[in-house]
Amino acid sequence: MTGKLHPNRRTVLKTAAAGAALGTLGFPSVLRAQATTVKIGVLHPVTGALSYSGTQSRAGALMAIDEINAAGGIKALGGAKLEPVLADAQSRPDAGAAEVDKLNEAGVAAIVGPYASAIAIATTQAAARHNLPHVVDVGTADQVVTRGLTNTFRFSPGVSSIVQFGIDSLTRINDAAGKPVKTVFIVHEESAFGTNTANVLNTELPKRGFEVVETVKHANPTRDFSNIVLRIQARKPDLIIPSNYYDEYVLFTRALRQQRVAAKGIYSILGGGASSYKFVKEFPDAAAYVMDCNHWFDPRKAAAIALKDKTEKKGLFFSYEVFLNYNAVMYLADALERAKSTAHDALNESLASSTWDKHILPYGPTKFVNGQNTGAQPAITQVLEKDIKVVYPLAFSSGNAVFPIPSKV
Amino acid sequence: MKSGLLAVGIAMALAVPQVVTSEFWLGVCIAVLLSTLTGAAWNVLGGFGGQFSFGHAAFFGAGAYAAAILEMRFGVNAWLAFAAAGVVGGAVGFGIGYLSFRYGLRGSYFALITLAFAEVLRILANAADFTGGGVGLYLPLQVGVANLQFATKAGYYYLALGLGAGAILVGWMLERSRLGAWLVAIRENEDAARALGVDTFACKLQAIALSGALTGLAGAFYADYYLYIDPGLAFGPGISVEILLAPIIGGIGTVWGPFLGAAALRVAGELARRLMGDAPGLSLIFYGALLVIMVKFLPDGLIGLLDRAVRPRGIHAGGAHA
Amino acid sequence: MLDPIILLPAAINGLTMGAVYALVALGLTLIYGVLHIINFAHGSLLMVGLYGVFFLYRLFGLDPYACMIVLVPACFAIGYALQRSVIGTVSHGRDQNVLLITLGVSIVLENLALYLFSADTKTIETPYALDVVDLGVALVPLPRLIGFVAALALAAILWALIGRTDLGRAIRAVAKEPHGARLVGIDVEHVYAMSFGIGTACLGAAACLLLPMFYVSPHVGNVFVLIAFTIVVLGGMGSFTGALAGGLLIGLTESLGGLMFGESAGQLGIFLIFIAVLLFRPTGLFGSRLS
C-alpha cells in the first residue's frame, strides 16, 4: 500500500549511515571531484507532524536519482553515480540544521529539501556556513530566498508570486465568464502560508473588484468546521477560497456538503486537498469542480506522465512533493554536468547560472535571480471528470475551466 | 579529589571546540548544554521543590519571543534582549506561580495548570500581531558578536557552556542553601514544613521565578541560534516534554542529573538513528523503547545508577531523595 | 453583526462535538480517578483504536459501529496488558517514572503506526456519512447524532459498572484507599489493570464512533488529548457525569466562543475555563469521587 524501501536501498542506507559516522573526520569536498559517486543529501521531515509530505518528498528525490543513475550518472564526472544520503529533519528546524552538519561531514556535494519553509530557513543557513549548495524543493516562504545567501536555490515559486498569480488568474477567469463572482469568503489555516495568503488576498482582491465578506482563520489542527460553515451559509458568498492543510481540508469540505452549502465555486490557493489525487480518489463528490492555484506539473510532457505512472505503481499518490523533488534533483544533476565538478563554489555558480529547461513543470524560461527561479509559476487546476486538469495558463491547459460550477438541482 | 576531577572536567569542556572538529558533534554539544540549562531550571522547581511543571514552554517561549521582539521591533541590543528574556521568564514564572500557589495547587493539579498556561500563551502568540501570529518571527541574519550571532559554532558553544555550567552551579548552590533545604522540606511534606514555620508560598514562588528566568534565557538562546520561532516551537507541549525528560532521566533533584540526562538522551537519539537506519519512525520506536527501559531499570535516574555503582551496599542511594 | 439564527445551530454543533470529546475523556477520567496517573499515552491509544476501526472496515467491510464488538474487548486487552506488564511495574513509588513511561509508550505507539501504516491521513466514507438529520433549526450529521447518544449511553454504562457491580466496588475501594483495599484482600494490581483496561476500552468505543466523522493518522491522538485533560479536570477526576457534562460544556464554549469572538477565542476560552476551574474549584463541577 505504501512505498516501502527496497532491500538494495537499505544496504545503501546502512553504508551511508556508516559513512556519516566516519564522516566526522570531515573530508574536504574538493577531493570528491574524482570519486566514482557524488553524494547528495536528501533531507526531509519524514517523522513528526509533516511526515507525509516528507516521505512523499523523499520518494520523488530518490526516483530522480534512480533515473539519473540508470541513464549513466553524471557524464561530465566520468559517469559518477548519484548516491543519496538520507536525513530526517523530524519536522523541526533545529533537527534539520543539525542534519545539515551531519550531511556536510558525510561529504555531500549538495542538499535537496527540506520541504517546509521554517525548516528551510534553518537548513539553508546551516549550509551557508559551509557554502554548501542547497536546493530548496518546496519551502514557499519569501524569506527562504531573500536573505542574500549565495548557496540557496529554489526552482519552484514562492508564496507571494503564487498568490499574485492566483488573484490574476481568478480575475481573468471571472471576467471571461461574465463576472459571476463578486463576494468572496476566505478560510485559512493559522500558520505561515495560510496567513500570508489571506493577507495578500485581503489587500489585492478589493482592487480587482471583489468583495471579501469574511476571513476566518483556523488552527492546525481543527476538529470541527461546522461553525465556520454556518458563517459561510449566513454570508452566502459567491466564492469560497480555502487555504489549508489536507486534514483540515477533508473536514471542511465534508462539513460543506453536510450543511448543503452551494457556492458558485471553490477556488483554493495552496489548498491541502484541492489538487490532490488522493482527495479526488477518496472524495470524488466533494472534489468535483474545485479549483486550486498550486504547484503542478506540465500535463503535455510525456516525461511527467511517465513519472506519474511510475509513482502510482509504487502505490503512492502523485503529489506536488513528489514532482517538485524529482525536479529539484534533476536541476541539480544538470548543474553538476555543467559545473564538471562537485566543488561548492563551482556548483553554486552552476546552479545560479542555470537555464535548464528539460523540466516537467509549467514554467517560463529558467533564470535565477538571488536564488529564485523567475520562470517559476503555479498552475490553476480544476477537478473535472474525476481527474485533475490544468485550466490555466492556457499554454499548458489540458481542460476547459468550468466556472461558475453548475448548481446542483 | 573531587575538585581535581572538576578541574579536569572544566578544562575538557573548554577545549571541546578545539578538539571536536565535527560541526555536527559540536552542534550536539550545544544542544546538550541547552538541555542542561532547561533541565536544571526545571529541576529547581520540580526536582528540589517537588512541583512538577508540564508547561515550562511558557517560560521558554516567553524568553524567546521577548528577545526576538525586543531585537526586531525595538532594535534593542541582542545581549540586552537576552538578559531581558531572563527577566521576562522570571516574571512569567512569578505570575503563574503566584496564581497557582495562592490557590494551593499541588501535584497533578499544578502540573495541569502549567500545561494550560503554556497553551494559553501559545494561542495568544498565534492570534496576536506583534508576535508575528502563526507565521512566526524570522530573526534577520546579522553575524556579529554584538548581535549574539557568532560566525562559528564555537561562539555559541561557549555561551551555551556558560549557561549550562551556570545552571548546574545554581543547582549546586541551591543544594547548600537554606532555600534549597526549605524546598526539599516542602517536597517531602509541605504541610509539615509549613507547620515548622517554613514560608512555603514564598519559597515556591522563588523557585518558580528562578526556574522561569533560567528557562527564559534558554528561549532567547534558541531564538538567536536558529533565527526562527513560531508559537508551536516556542510554547508547544513538545518543548515542555523535552525540558522535563533530561532531569528526570538524569536523576531528579540532583545537581548533575540534568546534564547526565541531557547527554544520555542525545546519545540515545543518535544511537537510535544510526542503528535503525532511515525508515521513518523506526529510530523513534527504538528511542521510545529505550526510554521505557531506562525508567524501568533506573528508577532513580542515571545518578541513581552511579550512586549504586559507587556505594553498592548499605547507604541509601539517590541523591537528594530522602 | 451576528445573525441570532445561527446561534442555535452553533450550540447544537457544540453539544454534538462536546459529546465526542466526552467519549475520549470518559476513559481518561476513570484512569485518573483510580490510578492517579496522568496518562500521556491516552492520545496514542485513541490512535490505535482508530487504526483498528479503519482496518476492520477496509479489510473486512465491518461497519464502524459494528466494529465495537471486536474493538472494545481488544482495546480492553491492550490496556490491561499495558498496565499490568509495563506501566504498573515501574513506578517504584515515584510519580515521575510513571509519567515518563506513559510518554515512552506514546512515542513507541505513534512511531510504530508511522512505520507500519505510513504517514498519510486515512479516511473512510461510510454510505451514511453524509446523511443528515434535519432538526428543523439545524442539520445534524448522522454520525454526530449517533456519537451524542452513544456518549450518554457509555457514561451510563460506566456509571452502572462502577456503581452497581462487585468489580466497581473494588475499583472504588482501590481508588479511595489502595493500602486498605490490599489489606482486605483485593488484588490491587489486578484492579489497576482492569481500570486501565476499561479506560482503554472506552477509547475503542470512542474510536468507532469517531472515525466516520474524522480521520486517522499517526498523530491524530494529539488533536484530542489536551481537550480530554481539560474535560477531566472540569468534570472532576473520576466522575463520569462530570466528564459528560464537562465535554458538553467545553464543546459549547468552543463553538459559541469561536462563533462570536473568532476561532482563537474559542480555543482560548477552553483553557481559561480550565485554569479557572483549577484555581477556584479544583475538584471539578461534580467533585472528584469515582461516580
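Values computed for the structure shown
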item: Shielded by partner chains, the stretch B:1-50 residues - at least 50 Å² of accessible area, 1.4 Å probe, vs chain alone; result: B:23, B:24
item: Peptide ranges B:267-279, C:71-83, A:84-96 listed from the most packed, as the mean C-beta count within 10 angstrom indicates; result: A:84-96, C:71-83, B:267-279
item: Chain A: calculated mean residue ellipticity at 222 nm from DSSP helix runs of at least 4, using -39500 (n - 2.57); result: -13000 deg cm²/dmol
item: Accessible area in square angstrom per residue, the stretch A:127-182, 1.4 angstrom probe; result: 32 Å²
item: Principal axes of the stretch C:216-291: Cα extent on each, largest first, Å; result: 34, 31, 18
item: Helical mean residue ellipticity (222 nm; -39500 (n - 2.57) per DSSP H run of 4+; nearest 500) of chain B; result: -24500 deg cm²/dmol
item: Mean Kyte hydropathy of -1.0 or more with a Cα span along the axis of at least 18 Å, helices from DSSP in chain B; result: B:2-19, B:23-43, B:57-74, B:78-102, B:107-127, B:153-175, B:200-226, B:237-251, B:257-276, B:282-297
item: Rg and Dmax of the stretch B:174-269, Cα atoms only, in Å; result: 16.1, 49
item: Rg over Rh, two decimals, the stretch A:148-261 (C-alpha only, Kirkwood Rh); result: 1.01
item: Cut-off under 5 Å, modelled amide H: who pairs with residue A:89 long-range; result: A:44, A:46, A:47
item: Sum of side-chain charges, residue A:239 neighbourhood, beta-carbon under 10 Å (Lys, Arg +1; Asp, Glu -1); result: +1
item: Whether the stretch B:75-201 is rounded, prolate or oblate, judged on the alpha carbon gyration tensor where a/c under 1.5 counts as rounded; result: oblate
item: Net charge over other residues, Cβ less than 12 angstrom from the Cβ of residue B:267 (K, R count +1; D, E count -1); result: +2
item: C-alpha center-to-center spacing [the stretch A:150-171, the stretch C:47-117] in angstrom; result: 44 Å
item: Backbone HN-Hα couplings from phi across the stretch A:82-92 [Karplus 6.51/-1.76/1.60, Hz, Gly and Pro as x]; result: 7, 10, x, 10, 7, 9, 10, 7, 6, 6, 9
item: Förster radius 30 Å - calculated FRET efficiency between residue A:301 and residue A:262, Cβ distance, rounded to 0.05; result: 0.25
item: The stretch A:200-332: radius of gyration over Cα atoms, expressed as a fraction of 2.2 N^0.38 Å; result: 1.19
item: Principal semi-axes in Å for the stretch A:320-360 [√(5λ), Cα gyration tensor, largest first]; result: 20, 10, 8
item: Relative pair counts by distance (%), Cα atoms of chain B, 20 Å bins; result: 32, 59, 9, 0
item: Residue mean of other protein chain beta carbons inside 10 Å, B:292-299; result: 6
item: Positive-end extreme of charge dipole, the protein assembly as shown - chosen from A:364, C:34, C:266 (charges on Cβ); result: C:34
item: Percent of Cα-Cα distances greater than 32 Å, calculated over chain C; result: 24 percent
item: Cα-based helix-to-principal-axis angle, C:42-60 vs chain C, degrees rounded to 10; result: 70 degrees
item: Gap separating the Cα centres of the stretch C:140-202 and the stretch A:249-305, nearest whole Å; result: 44 Å
item: Under-5 Å amide H pairs with residue A:212, H placed in peptide plane, nonlocal only; result: A:184
item: Dipole of the protein assembly as shown [Lys/Arg +1, Asp/Glu -1 at C-beta], most positive-end residue of C:195, C:253, B:131; result: C:195
item: Cα-based reach from residue A:236 at 14 Å (exclusive), listing aspartates and glutamates while leaving out same-chain residues under 8 positions away; result: A:211, A:214, C:3
item: Coarse-grained scattering of the stretch A:321-409 at q = 0.15, 0.20, 0.25 Å⁻¹, given as base-10 log I(q)/I(0) from a Debye sum over alpha-carbon atoms; result: -0.67, -0.96, -1.25
item: Solvent-accessible area buried by pairing B with C, both sides, nearest 100 square angstrom, 1.4 angstrom probe; result: 3600 Å²
item: Solvent-free Debye scattering, log10 I(q)/I(0), computed from the Cα coordinates of chain A at q = 0.09, 0.11, 0.13 Å⁻¹; result: -0.53, -0.78, -1.05
item: Per-residue HN-Hα couplings for the stretch C:270-286 [Karplus 6.51, -1.76, 1.60; θ = phi - 60°; Hz; x = Gly/Pro]; result: 4, 6, 5, 4, 3, 5, 4, 4, 4, 6, 9, 8, x, 6, x, 4, 10
item: Given charges at beta-carbon only (K, R positive; D, E negative), |dipole| of chain C in Debye; result: 800 debye
item: Within the stretch C:111-228: Cβ-based charge dipole about Cα centre, in debye rounded to nearest 20 (Lys, Arg +1; Asp, Glu -1); result: 360 debye
item: The stretch C:90-179: equivalent-ellipsoid semi-axes (sqrt of 5 x gyration tensor eigenvalues, Cα, Å); result: 36, 28, 10
item: Binned Cα-Cα distance frequencies in the protein assembly as shown - 20 Å width, integer %; result: 13, 45, 35, 7, 0
item: Per-residue average of Cβ from other chains inside 10 Å of B:73-86; result: 0
item: Among the listed pairs A:102/A:314; A:301/A:389; A:182/A:217; A:207/A:367; A:301/A:340, those beyond 18 Å (Cα-Cα); result: A:102/A:314; A:182/A:217; A:207/A:367; A:301/A:340
item: Per residue accessible area of chain B, 1.4 Å probe, in Å²; result: 38 Å²
item: Alpha carbon centroid spacing (whole Å) that separates the stretch B:96-157 from the stretch A:49-95; result: 35 Å
item: Residue-averaged beta-carbon neighbours from other chains (10 angstrom radius) around C:216-222; result: 4
item: Cut-off 9 Å between beta-carbons: net charge of the residues surrounding residue B:251, Lys and Arg +1, Asp and Glu -1; result: -2
item: Phi to ³J(HN,Hα) by Karplus 6.51 cos²θ - 1.76 cosθ + 1.60 over the stretch A:270-275, Hz, x for Gly, Pro; result: 6, x, x, x, 5, 10
item: Between helix A:117-128 and chain A: long-axis angle, C-alpha atoms, 0 to 90°, nearest 10; result: 20 degrees
item: Stokes-Einstein D in µm²/s, Kirkwood radius over Cα pairs - the stretch C:7-148 at 4 °C with 1.567 mPa s viscosity; result: 75 µm²/s
item: Ellipsoid equivalent to the stretch A:118-202 - semi-axes via the Cα gyration tensor, in Å; result: 34, 14, 8
item: With every protein chain in place, the protein assembly as shown: carbon and sulfur % of accessible area (1.4 Å); result: 64 percent
item: Simple spin-label estimate for residue B:7 and residue C:169 in nanometres, 7 Å along Cα-Cβ; result: 7.2 nm
item: Accessible surface, per residue, of chain C when the full set of protein chains is kept, probe 1.4 Å, Å²; result: 35 Å²
item: Cα-based helix-to-principal-axis angle, A:159-176 vs chain A, degrees rounded to 10; result: 40 degrees
item: For residue A:80, distant residues with modelled amide H under 5 Å away; result: A:74
item: Scattering profile of the stretch A:201-255 at q = 0.26, 0.30 Å⁻¹ [log10 I(q)/I(0), Debye over alpha-carbon scatterers]; result: -1.13, -1.30
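The values are calculated or read from the model by the stated rules, or taken from the named source; none is laboratory data. As the structure is a prediction and not an experimental result, all values here were calculated from the model. Note that we place each Cβ from the backbone using ideal geometry, even for glycine, and neighbour counts take in every protein chain shown. Keep in mind that these areas ignore ligands, DNA and RNA; they rest on the heavy atoms of the full protein, side chains included. Shrake-Rupley method; radii C 1.70, N 1.55, O 1.52, S 1.80 Å.
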